[in-house]
Number of protein chains: 2
Amino acid sequence: MSEFLSDSALSPLDLPVAADVFTAAERLTGIVHRTPLIHSSALNAQLGAEIYFKCEHLQKVGAFKARGAANALFHLPPGTTRVATHSSGNHGAALAWAAALRGLRCTVVMPENAPDAKKAAVAGYGADIVPCAPTLAARESTLADVVEKTGAHIVPPFDDPRIIAGQGTVAQEVIGQCRALGFTPDLLVAPVGGGGLLAGVGLAVSALAPQVKVLGAEPEGADDAHRSFRGGKRVTEQTPDTIADGLRTTLGERNFAVIRESVNDIVTVSEQNIVTALSLLWGRTKQLVEPSAATGLAAVLEHAARFRGKRAVIVLTGGNMDLAAVAAIAAGN
Amino acid sequence: MSEFLSDSALSPLDLPVAADVFTAAERLTGIVHRTPLIHSSALNAQLGAEIYFKCEHLQKVGAFKARGAANALFHLPPGTTRVATHSSGNHGAALAWAAALRGLRCTVVMPENAPDAKKAAVAGYGADIVPCAPTLAARESTLADVVEKTGAHIVPPFDDPRIIAGQGTVAQEVIGQCRALGFTPDLLVAPVGGGGLLAGVGLAVSALAPQVKVLGAEPEGADDAHRSFRGGKRVTEQTPDTIADGLRTTLGERNFAVIRESVNDIVTVSEQNIVTALSLLWGRTKQLVEPSAATGLAAVLEHAARFRGKRAVIVLTGGNMDLAAVAAIAAGN
């Protein structure tokens with residue numbers, strides 16, 4: 001790792017640029033999966049568009065978060081032996097996985113009410129779990145305690161240039177995979193929560209294929225990124241209400257700065273369209289993705305005119321869900 | 001098509017040989033998908049074996065049945081304009097799909113209580129559906145009526161050399177895909193219902209890679225193939241009781257003849273292990289396969305000593321399930 005630090009270490013305070021994505025892609029080769037791009041002829045006939053799905057639910061730890069976490073660990077302060085974060089979702093598992101790969105200790109502060117499946121994943125990668133009350137304040141103060149006691153280096157889930165650059169490697173792969181298939185897509189759609197993925201995708205695409213329109217897709221019940229983008233000012237207050245649990249976070253500061261420069265639009269989607277998209281994905285592609293991952297296809301359903309006759313790639317962001325959630329969704333609850 | 005008929009048409013009464021599988025594989029190129037082989041590092045660590053899954057749930061019509069149906073249509077009596085079958089499951093959809101591709105009319109006799117999703121699939125491929133009472137006698141007499149009225153040629157679901165040869169192309173692909181990855185598997189496992197898939201796999205493997213052990217996996221609640229294989233005499237009576245709805249059929253005559261010559265063993269699996277295997281497949285591979293498809297992994301769970309330290313390929317046979325079934329299984333019913 002030390003040979004990289006000398007020439008291109010990103011500070012957590014930097015704004016990332018496209019070159020950081022390309023460097024991340026080189027470093028992550030052989031560490032993360034080059035996930036497949038799939039399509040369904042039946043679904044495309046139904047939609048009147050040519051839709052490809054980038055299968056990040058088949059990524060290490062079952063989510064694109066593996067990319068950002070693994071990339072962040074190439075940019076640690078010298079002498080770091082322990083990393084830490086707070087997470088109720090995929091970032092905690094991703095950081096635990098990446099830390100184990102590099103022989104680093106890892107602590108994940110998790111709210112007591114986090115799903116057992118998520119706790120088991122984090123513990124399974126050998127990280128220490130520190131429980132806390134299920135509030136943002138408790139998560140942050142507990143993490144501060146961990147840092148004070150252990151000297152751990154914090155790797156945040158999205159508002160961090162190393163994370164943004166890592167997530168952007170998805171788009172670099174997509175552009176290359178489409179070219180190998182003989183085309184450049186008209187649109188690339190990524191769900192947006194904290195904005196790590198969308199910012200990274202925007203950076204990569206604006207450098208590699210600026211003719212491709214990058215669209216963020218956000219649940220209307222957690223539309224802070226949409227309002228921030230349209231209003232030109234980051235909205236920091238919201239009360240999220242959506243089945244897409246991975247997208248309930250608020251857009252990060254660096255994420256907003258990158259997104260407003262590199263993304264074409266952020267559209268919202270209804271809960272009904274998220275659920276319809278999810279059942280289409282399960283039924284047509286047989287891919288058991290989580291609700292957040294269906295937000296991109298929901299955008300095709302809700303904004304059909306923008307996609308008709310077009311080629312679009314949609315990022316399926318993750319597939320981590322316990323069976324109770326699967327049962328509730330399949331039963332229509 | 002006529003150029004094929006002159007030199008290698010299979011009569012529905014023949015016993016197929018390995019060369020029929022190889023001919024089928026040539027003809028099916030570009031018609032069916034070469035489905036991917038996937039694996040899960042986490043699952044392999046848990047099982048102490050190196051398991052690869054052949055993704056036939058990603059096949060055309062969502063099941064390996066597309067292979068046999070498409071192959072059968074290369075072996076029709078001259079002048080055939082309509083084909084017919086009776087089916088409550090994937091074979092009806094596969095025949096409807098294959099017939100539409102070749103511009104043939106198709107009639108599928110379906111029991112009135114067949115799931116709406118299956119009826120919609122058959123109708124979606126443009127076939128005529130003739131409803132009947134939900135008994136084998138009613139299915140057969142209704143199909144006989146259809147044949148008398150329309151002159152349709154019957155394509156049976158499994159006890160047919162054209163079907164067996166078509167299903168066997170799965171194994172030819174598997175052996176090639178494993179060689180491309182640098183190995184020959186120790187075992188190849190296929191679920192067994194009527195025995196179309198298992199017979200075809202046995203034929204292909206015994207010719208291409210006889211050192212590979214071919215294993216059938218059958219629910220203990222529908223264990224006629226197991227009893228037939230162990231007893232050396234085909235069992236034709238059973239009262240199936242299993243969640244694996246695709247495996248409730250009784251082993252065919254030609255299927256048994258081929259299987260006893262080319263398959264190493266048929267093992268049974270409990271309902272509990274089918275459900276456990278299904279939840280492992282959903283959770284670890286994110287592939288929404290149907291219960292029948294989980295029977296192969298259930299065999300690894302139930303007969304662990306036969307797989308420990310070995311490389312095995314398991315055929316995931318299909319992924320066609322309505323959401324109500326998904327909900328019931330995920331909820332533990």
With N set to the number of residues, divide the alpha-carbon radius of gyration of chain A by 2.2 N^0.38 Å and report two decimals. 0.93
Let me know the mean shielding of A:317-326 by other chains, meaning the per-residue number of their Cβ atoms within 10 Å of its Cβ. 4
Roughly how many nanometres apart are two label points built 7 Å out from the Cα toward the Cβ at A:D14 and B:T150? 6.7 nm
Estimated inter-spin distance, A:R227 and B:R179, nm [label 7 Å along Cα→Cβ]: 6.2 nm
Over region B:66-154, with neighbouring protein chains present, the accessible area per residue in Å² at probe 1.4 Å is 41 Å²
All-pairs Cα distance distribution in region A:40-111, expressed in whole percent, bin size 5 Å: 3, 16, 21, 17, 12, 7, 7, 7, 6, 3, 1, 0
Order the peptides A:60-70, B:303-313, B:255-265 from the highest to the lowest mean number of other Cβ atoms within 10 Å of their residues. A:60-70, B:255-265, B:303-313
Positive-end residue, chain B charge dipole about Cα centroid, Cβ charges, pick of B:G182, B:A257, B:L301: B:G182
Relative to the present Cα-Cα distance, how much length would full extension add between A:R102 and A:T236 at 0.36 nm per residue of separation? 44.8 nm
Identify, among A:A25, A:A69, A:Q46, the residue whose Cα sits farthest towards the positive end of the charge dipole of region A:1-120, taking +1 on the Cβ of Lys and Arg and -1 on the Cβ of Asp and Glu, with the dipole about the Cα centre. A:A69
What residues qualify as long-range amide H neighbours of B:V83, i.e. H under 5 Å apart, gap of 5 or more or another chain, H built at 1.01 Å from N? B:R105, B:C106, B:T107, B:H153
Shortest-first distances to equivalent copies, position A:A305, nm, label 7 Å out along Cβ: 6.9
Can you tell me the dipole magnitude for the protein assembly as shown around its Cα centre, using point charges on the Cβ only (Lys, Arg +1; Asp, Glu -1), in Debye to the nearest 20? 1020 debye
At a Förster radius of 22 Å, what calculated FRET efficiency corresponds to the Cβ-Cβ distance of A:Q46 and B:D322, to the nearest 0.05? 0.80
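How large is the dipole of region A:104-222 about the Cα centre if only Lys and Arg carry +1 and Asp and Glu carry -1, each at its Cβ, rounded to the nearest 20 debye?
Its charge dipole is roughly 320 debye.
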Express the accessible area of region A:236-286 per residue in Å², computed with a 1.4 Å probe while the remaining protein chains stay in the model. 43 Å²
How much net charge surrounds A:E56 when only the other residues with a Cβ under 12 Å from the Cβ of A:E56 are counted, with Lys and Arg +1 and Asp and Glu -1? +4
With the Cα gyration tensor of region A:66-154 in hand, convert its eigenvalues to equivalent ellipsoid semi-axes via √(5λ) and list them largest first in whole Å. 19, 15, 10
Note to self: C-alpha centroids of region A:119-153 and region B:33-109 sit apart, in Å, by 49 Å
222 nm [θ] for chain B, helices only, -39500 (n - 2.57) per DSSP H run of 4+, per residue, to 500? -13000 deg cm²/dmol
Taking beta carbons within 10 Å but only from partner chains, what does the mean come to for residues B:276-286? 4
Once both label points are put 7 Å beyond Cα along the C-beta direction, the A:A133-B:E253 separation in nm becomes 7.6 nm
Listed residues A:A171, A:V122, A:G89: farthest to the positive end of the dipole of region A:81-181 (Cβ charges): A:A171
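Rounded if a/c is under 1.5, else prolate if a/b beats b/c, else oblate: with a ≥ b ≥ c from the C-alpha gyration tensor eigenvalues square-rooted, which is region A:178-333?
oblate
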Determine the principal axes of the Cα atoms in the protein assembly as shown, then give the extent along each, sorted from largest to smallest and rounded to whole angstroms. 78, 54, 42
Inter-copy label distances at A:R227 (7 Å, Cα→Cβ; nm, one decimal): 6.7
Which of A:L37, A:L297, A:L251 moves the most in a Gaussian network model of chain A with Cα springs under 10 Å? A:L37
Candidates A:T268, A:T285, A:T80, ranked by Gaussian network fluctuation over chain A, Cα under 10 Å, top entry: A:T80
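Please report the net charge: other residues with Cβ closer than 14 Å to the Cβ of A:S88, K and R +1, D and E -1.
-1
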Label spacing, shortest first and in nm, from A:L136 to its equivalents in the remaining copies (7 angstrom along Cα→Cβ): 6.4
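The values are calculated or read from the model by the stated rules, or taken from the named source; none is laboratory data. Quick caveat, the model's predicted, so the values are computed rather than measured. Neighbour counts are summed over all protein chains in view; Cβ atoms, including those assigned to glycine, are modelled from backbone coordinates with ideal geometry. The area values use the complete protein model at the heavy-atom level, side chains included, leaving out ligands, DNA and RNA. Shrake-Rupley method; radii C 1.70, N 1.55, O 1.52, S 1.80 Å.
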